[in-house]
Amino acid sequence: MKLFVVLTLVFASSVFAQTPSPSAPASAKHPFTFEDMMRLTRLDEPVPSPDGKWVVFSATDVDLEADTKNSHLWIVPASGGESKRLKRRITKSSRAFRQTANG
């Protein structure tokens, strides 16, 4: 149950973190396009710490022009609060990130 609450907090925070572009007026509504979807940050692989106090997850941004994906590791308190970036970029070896009892 606690894991469900933690995962819900992490994914809900991503929804609220998506803010409209300051250059786009609030009244400029348009259909949701493929490009809009690609501008969304994807959250993946939430892993709670062994003590249940933290959740580490990856966030991926897509750059359509460069045809690249950039992933970053983030950590957030399980009780809620500000998330912090752990790594600038994730390599394939660090995508298999899992926490151990000693950190």
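What follows is calculated from the coordinates using simple rules that are stated; it is not laboratory data. Note that the structure is a prediction, hence the values are computed from the model and not measured. Cβ atoms come from the backbone with ideal geometry, glycine included; neighbour counts cover every protein chain shown.
Please give the FRET efficiency for SER79 paired with ASP36, using the beta carbon to beta carbon distance and R0 = 30 Å, rounded to the nearest 0.05. Don't skip to the end; give the middle numbers.
Working: r = 32 Å, r/R0 = 1.07.
For R0 = 30 Å, the calculated efficiency reads 0.40.
The fewest-to-most ranking of PHE57, PHE34 by surrounding Cβ atoms within 10 Å reads PHE34, PHE57. The residues LEU86, LEU43, when put in order of fewest to most other Cβ atoms within 10 Å, stand as LEU86, LEU43.
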